[in-house]
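Chemist: Quick one: the structure is below, and I'll ask about it shortly.
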Amino acid sequence: MSEIAEKSKLYNLHSWAAQGALDPTVVTRAEGIYFWDEDGKRYYDMSSQLVNSNLGHGNRALIEAIKNQAESLPFIGPGYALDVRSSAAEKIVRFAGPAFEGGKVFFTNAGADANENAIKFCKEYTGRWKILSMYNSYHGSSFGASSLTGEARRFSAEPGVPGFFHFDGPYAYRAPEQVHFETEADVTSYYLGRLHEAIIREGQDLIAGIFMETVVGSNGVLAPPTGYLAGAQELCNKYGIMLVLDEVMAGFFRTGTRFAFHQFDVKPDIVTFAKGSTCGYVPLGGVLLKKEIADFFDENKMWNGLTYSAHPMGLAAMIAALNEYERLGIEANVKKLGGVLAEVLNDMTARHVSIGQARYIGLFSQVELVKSRHTKEKFDAPTIAKVVRLLSGKGFATYSNESGIMVAPPLIITEQELREALAIFDEVLDEVDKLTN
C-alpha cells in the first residue's frame, strides 16, 4: 500500500465501510470520462463517481467559473443579494419549467440537506407532522434524511425522527409472489393501492408530505410505471399533502430530460436537487417550491437557514454547468446513447443467466444480478463485492447496492467509449454466470 493510501486509512474515515479492510485506490488525475490511479492505470468512470459527474472530469468552463468567482467574491452571507445568486436562482427556476413558474428556490449544500429542508417546508406550509416515503429509497445520511430513507442505511440512525413512515413503491420484479401483473396498468394500480392504504392508515389529515425519488436511484434505477406519479399526485391533492420529488440523482439530464419528472404527467409541489447541478466540482443542492408554497412565506416566517446557503462559488459552478449542458448538446447525446445502452443491456440480459433484470432510462441504469433467475435469489455481499473488484481490475469503475451494479456514465460519453466499457462488463459477466444455479 502506498504512503498516500496508508495516510488515508490512518486519518480519514471512508464512507459505508469497515475501515480495517479498506485498500483505497489512489487517484492522481481525471479527464473526460476517465480517471487514473498512481500506477498509471486508466478507469472508465461508469458510475460518474456517485452519479454526479454528469459533465465528466476537467470541464474548463466549470473550472474557470469557480476560479473567476473565487477572485471576484468567494463568499458573502446568504442574507445579501448578489449577482450570481440572482442569476442562478432565476436560471434554475426557469430550468424547472412551467410547474415552477412564479416559484422560488432555497439553495442548500447537497442532496441530504435539500431533503432535510424540504421536510421542514412541508411541515411549515401544511401545519402537519407526518412524512411518508418509499421503503426502496435513499434520501441522504443526515438524521432527518436517514429517517426519510427506507432502505437499510437508515438503521444506524434509528430510532429516528418521529413521524416518518414508509410504504412499498413500484418494484414489479420483486413484488410478492402472490401478486401477478398482466399489464403495466396492473403494476400502477397495485402500487397506488399500497400508497393509498398507507395514507389512510397513517391519517390523511396528519401527513405533511410524501417523498419519492422520481426514478429510484441506487436502490434499483426504478422508473415509475405509466400513471403512477400522476395517481400519487391525485391522492396528494385529494388529502392536501405535498408531493415532493427527489431529483438529487435523476435530475440534470441523467434520464434524458432536464428533470426526470418532465417525462411523466406530474407537477410536483416541491423538487429537491443536487448532484448534477455542479457535477461535483463544488458542493451545492437546492429545494424548488411551486408558487403557492413560495407565496406562503411572504407573510409567514421561513424557519430555514444555512450558513452556506446559496454559496457564490457553488452557484457560479451551477450556472456554468447549465450552460455546458446546452452547449454540449447533452440532451440529444443522452437520447442517442440511452438507446445504445438499452440495446447492449438487453443483449447482455439475453446471454447472461446471472442477470435477473437490467433497468434503464437515459444514461441511468442498474443491472440486478441473481444466483437463479427462477427464484430471483440475490448474490450475497461478498460475491457482489468480488464482482465490483473484477470490474475495477479491468478498468470499469462503479459501485453496487445489494445485488445491483450501477451503470451511469458521464453524459458526455461517446458511443465508442460506451461500447468499449460495456464490453468489459460483458466479459466479467461470463465469470459471474459460473456462480449461478
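No value in this document is a laboratory result; all are computed from the given coordinates. All values derive from a computational prediction rather than experimental measurement. Please note: Cβ atoms are built from the backbone with ideal geometry, for glycine as well, and neighbour counts cover all protein chains shown.
Chemist: Give the average over all directions of the projected area of the C-alpha convex hull of the stretch 235-325, one decimal, in nm².
Modeler: Averaging across all directions leaves 7.1 nm² for the Cα convex hull.
Chemist: Run the helix sum for the chain: -39,500 (n - 2.57) per DSSP H stretch of 4+ residues, divided by residue count, reported at 222 nm to the nearest 500 deg cm²/dmol.
Modeler: On the way: 14 runs with 175 residues, N = 437.
Computed mean residue ellipticity for the chain: -12500 deg cm²/dmol.
Chemist: HN-Hα J couplings of the stretch 259-276 from phi, Karplus 6.51/-1.76/1.60, θ = phi - 60°, integer Hz, Gly and Pro as x?
Modeler: For the stretch 259-276, the Karplus-derived couplings read 10, 4, 5, 5, 8, 10, 7, 8, 10, x, 7, 9, 10, 9, 8, 6, 2, x Hz, x marking Gly and Pro.
Chemist: A further question follows. Only Cα pairs under 8 Å and at least 6 apart count here; give the relative contact order of the chain as a rounded whole percent. Could you put the intermediate results ahead of the total?
Modeler: On the way: 815 pairs, mean separation 91.3, N = 437.
Reported relative contact order: 21 percent.
Chemist: Before anything else, pin down the relative contact order of the stretch 193-272: Cα pairs under 8 Å, at least 6 apart, normalised by residue count, whole percent.
Modeler: Details: 102 pairs, mean separation 25.3, N = 80.
The value is 32 percent.
Chemist: Which net charge results for the neighbourhood of Leu306, defined as the other residues with beta-carbon distances under 12 angstrom from its beta-carbon, given Lys and Arg at +1 and Asp and Glu at -1? Mind showing how you got there, number by number?
Modeler: On the way: positive: Lys120; negative: Asp113, Glu116.
Residues near Leu306 contribute -1 overall.
Chemist: Still on this structure, I have one more. Could you give the length gained on full extension between Ser87 and Ser189, defined as 0.36 nm per residue of separation minus the Cα-Cα distance, in nm?
Modeler: On the way: separation 102, 0.36 × 102 = 36.72 nm, distance 4.24 nm.
My answer for the length gained is 32.5 nm.
Chemist: Calculate one ³J(HN,Hα) per residue across the stretch 149-162 by plugging θ = phi - 60° into the Karplus curve 6.51 cos²θ - 1.76 cosθ + 1.60, and present them in order as whole Hz with x for glycine and proline.
Modeler: 4, x, 7, 5, 5, 7, 4, 5, 9, 8, x, x, 5, x
Chemist: Under the rule of at least 5 residues apart or a separate chain, name every residue whose amide H is placed under 5 Å from the amide H of Arg29.
Modeler: Trp36
Chemist: Met302 to His374: FRET efficiency via 1/(1 + (r/R0)^6), r the Cβ-Cβ distance, R0 60 Å, to the nearest 0.05? Don't skip to the end; give the middle numbers.
Modeler: Values: r = 54 Å, r/R0 = 0.90.
The formula returns an efficiency of 0.65 here.
Chemist: Checking understanding here: applying a Kyte-Doolittle mean of at least 1.0 and a length along the axis of at least 15 Å (C-alpha), which whole DSSP H helices in the chain pass? The partial results should precede the final answer.
Modeler: Working: long enough: 60-72 (18 Å, -0.38); 83-95 (18 Å, -0.17); 111-126 (22 Å, -0.78); 184-202 (27 Å, -0.33); 228-239 (17 Å, -0.31); 312-327 (22 Å, 0.30); 330-351 (31 Å, 0.20); 381-393 (18 Å, 0.94); 415-433 (26 Å, -0.28).
Passing helices, by number: none.
Chemist: Would any residue of the stretch 373-402 have its amide N under 14 Å from a label point 7 Å out along Cα→Cβ of Val27? List them or say none.
Modeler: In the stretch 373-402, the label zone of Val27 (backbone N under 14 Å from the point 7 Å along Cα→Cβ) covers 396-399.
Chemist: What is the calculated FRET efficiency for Lys336 to Tyr135, with r their C-beta to C-beta distance and R₀ = 25 Å, to the nearest 0.05? Provide the component values of the computation, followed by the final result.
Modeler: On the way: r = 35 Å, r/R0 = 1.39.
Using R0 = 25 Å, I get an efficiency of 0.10.
Chemist: Let me ask something else. What pairs from Lys336/Lys386; Lys275/Lys376; Lys267/Lys290; Lys376/Lys434; Lys104/Lys301; Lys41/Lys336 go past 20 Å between their alpha carbons?
Modeler: Among Lys336/Lys386; Lys275/Lys376; Lys267/Lys290; Lys376/Lys434; Lys104/Lys301; Lys41/Lys336, the Cα-Cα distance tops 20 Å for Lys336/Lys386; Lys275/Lys376; Lys41/Lys336.
Chemist: So, one more: To the nearest 0.05, what FRET efficiency results for Leu328 and Leu73 with a Förster distance of 30 Å applied to their C-beta separation? Spell out each step's value before the answer.
Modeler: Values: r = 28 Å, r/R0 = 0.92.
Here the calculated transfer efficiency is 0.60.
Chemist: Below 13 Å, Cα to Cα, which aspartates and glutamates can Lys291 reach? Residues fewer than 8 away in the same chain don't count.
Modeler: The reachable aspartates and glutamates, counting only those whose Cα sits under 13 Å from Lys291, are Glu101, Asp269.
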